[in-house]
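Just below is one structure, and these are the notes that go with it.
Just so it is clear, none of the values below were taken in a lab; they were calculated from the coordinates. Everything numeric in this text was worked out from a predicted model, so none of it was measured. Cβ sites come from the backbone with ideal geometry, for glycine too, and all protein chains shown count toward neighbours.
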Amino acid sequence: MANSPLLYSNSFQYGVLIMHYTEAYNIDDLHRIARSRLPKVCYDFMAEGTEDNVSLRNNREVFERIRLQPRTLVGVSHRTQQVTVHGTTFNSPFGIAPTGAAGLYGFDADVALARAAAKAGVPFVLSTASFVPLERITQEVPDGTNWFQLYMSKELDGAEKLIVRARDAGFEALVVTTDIPVGAAREYNKRNGFEVPFKMRLGSMIDGALHPRWMCGVFLRTLLDSGVPRLQNVDSNVGGRIVSKSMADFRQKRDALNWADMAWVRSIWPRKLYIKGIMSAADAREAERIGADGVFVSNHGGRQLDGAVSPMEVLPEVVAAVGGRLVIMADSGFRRGTDIVKALALGATMVFVGRATLFGIAAGGEAGASRALDLLRGEVDRTMGQLGVNRVAEITRECLVLDEAMFTKM
Ligand SMILES: Cc1cc2nc3c(=O)[nH]c(=O)nc-3n(C[C@H](O)[C@H](O)[C@H](O)COP(=O)(O)O)c2cc1C
């Protein structure tokens with residue numbers, strides 16, 4: 001149960017009703033609260049994967065196959081989990097991954113996530129598919145490390161407009177997501193009527209009414225504050241409403257993208273560039289060839305190609321191919337400090353979480369997201385202490401006992 005990627009229970013756990021984010025002692029607790037607070041249509045969109053959820057489950061299961069081998073009596077009273085990436089020092093070796101439509105889970109959730117990340121001293125990646133215009137993030141959270149995630153298609157004009165906006169707004173890095181050449185088969189969205197354009201179903205309305213805290217605190221508050229949610233970054237001229245047909249068009253023509261387009265992005269984006277959705281040594285080398293500064297090893301949290309390997313299984317081959325030259329981020333399935341430490345031991349520079357902080361948002365807004373980051377921070381610290389390391393640089397393969405057969409290439 002504790003490791004179940006989908007928690008269809010209510011927020012009873014261990015005979016205890018967990019109601020408030022301050023009562024959450026791990027990410028799964030936040031998940032339970034989120035589950036109880038959200039209408040099914042929203043919960044499914046956040047927590048589910050795609051098709052048969054094979055990758056969603058595997059993303060969690062791989063962590064159990066990698067074990068930690070501790071050293072003892074080494075003196076771990078000087079522990080620090082700080083990590084420096086391209087000259088910027090972060091308080092923890094993890095950050096917040098881009099998640100579109102985060103405003104479904106909490107009022108003004110994108111700004112809340114950015115604030116929580118800034119307070120924790122970790123990076124925040126804003127999704128192209130956010131409900132807030134990208135400029136608000138850098139204006140309202142200028143003390144944070146804010147990166148912008150780009151969804152682009154072969155319509156390069158639209159991409160260029162967004163890149164220019166992100167540059168002018170002061171985003172420090174661009175993260176281009178490449179693992180959606182075609183849309184995923186999210187059958188639950190169809191069943192729930194959560195499609196583009198959005199179809200309001202009677203069942204969804206009743207479900208919304210049965211979740212009054214969400215209905216008033218998130219949905220109606222958002223409507224009153226800024227009207228029907230818009231994907232404000234998709235096209236600076238359109239700003240299409242999530243119920244409109246133009247949103248469907250936004251997804252077209254991604255299937256024609258290739259590495260030449262990434263080289264074009266590189267030529268017009270002046271700051272750090274990361275390519276997200278890299279799952280092989282060959283593609284990591286391509287990213288290096290076009291001049292990227294790093295990669296996100298990611299299967300999109302099990303939300304795209306069902307059956308795709310976990311980033312953990314391909315990390316060793318990516319590290320062997322470009323480690324030491326490119327920054328290597330990993331995401332998909334991380335819920336515990338031990339998970340994060342295992343990825344660092346395999347050679348990841350940092351780890352990113354998507355759902356963990358969304359569960360926090362749904363459970364308690366910005367404070368809930370901060371709770372998620374605090375829990376992870378505490379767990380990383382405890383893991384480092386029990387493992388016998390003082391610094392992130394000391395977290396190496398020596399800390400792991402590996403079943404080599406589980407990796408694509410060692
Ligand atoms: C609700 C939701 C929305 C997401 N939206 C985006 C997005 O807009 N852009 C993107 O690159 N990745 C998106 N992702 C994927 C995340 O960036 C990240 O790869 C994934 O969530 C990591 O897995 P985890 O949720 O198990 O931590 C989304 C994930 C979720 C759960």
query: Rounded if a/c is under 1.5, else prolate if a/b is larger than b/c, else oblate: which is the range 298-348, with a ≥ b ≥ c the root eigenvalues of its Cα gyration tensor?
result: oblate
Mean Cβ neighbour count within 10 Å, used as a protection proxy, ranking 107-116, 365-374 highest first: 107-116, 365-374
task: Mind checking the full-extension length gain between residue 22 and residue 168? Use 0.36 nm per residue of separation minus the Cα-Cα distance, one decimal, nm.
output: 48.7 nm
statement: Here the gain from full extension of residue 382 to residue 410, 0.36 nm per residue of separation minus their alpha-carbon distance, amounts to 7.3 nm
query: So what are the radius of gyration and Dmax for the Cα set of the chain, in Å?
result: 20.2, 63
- line: Per the charge dipole of the chain (beta-carbon charges, Lys/Arg positive, Asp/Glu negative, Cα centre), the residue among 219, 31, 82 reaching farthest to the positive end is 219
Inter-probe distance in nm under a simple model that places probes 7 Å from Cα toward Cβ, at residue 195 and residue 210: 2.3
task: Work out which helices of the chain, taken as complete DSSP H runs, extend at least 18 Å along their axis over the Cα atoms and score a mean Kyte-Doolittle of -1.0 or more, then list them.
output: 156-169, 355-387
- prompt: Projected area of the range 74-157, taken from the Cα convex hull and averaged over every viewing direction, in nm²?
  reply: 8.0
- request: Compute the label zone of residue 400 within the range 58-102: residues whose backbone N is under 16 Å from the point 7 Å along Cα-to-Cβ.
  value: 59-70
- prompt: Which value at 222 nm does the chain reach when only helices count, each DSSP H run of 4 or more adding -39,500 (n - 2.57), with the total divided by all residues and rounded to the nearest 500 deg cm²/dmol?
  reply: -12000 deg cm²/dmol
- prompt: Can you give me the relative contact order of the chain as a percent, contacts being Cα pairs under 8 Å and 6 or more apart?
  reply: 25
query: If you stretched the chain out fully between residue 271 and residue 64, how much longer would it get, using 0.36 nm times the residue separation minus the C-alpha to C-alpha distance?
result: 70.8 nm
query: Let a ≥ b ≥ c be the square roots of the eigenvalues of the Cα gyration tensor of the range 107-205; is it rounded (a/c under 1.5), or, if not, prolate (a/b larger than b/c) or oblate?
result: oblate
field: Exposure proxy order (Cβ contacts within 10 Å, fewest to most) of 86, 211
entry: 86, 211
query: Between residue 280 and residue 160, what FRET efficiency follows from the Cβ-Cβ distance if R0 is 22 Å, with the result rounded to 0.05?
result: 0.20
- request: Can you work out the PRE-style zone for residue 259? Point 7 Å along Cα to Cβ, and I want the residues of the range 367-410 with backbone N under 20 Å.
  value: 409
message: Would the range 359-401 count as rounded, prolate or oblate if I go by the C-alpha gyration tensor, calling it rounded below 1.5 in a/c and otherwise prolate when a/b exceeds b/c, oblate otherwise?
response: prolate
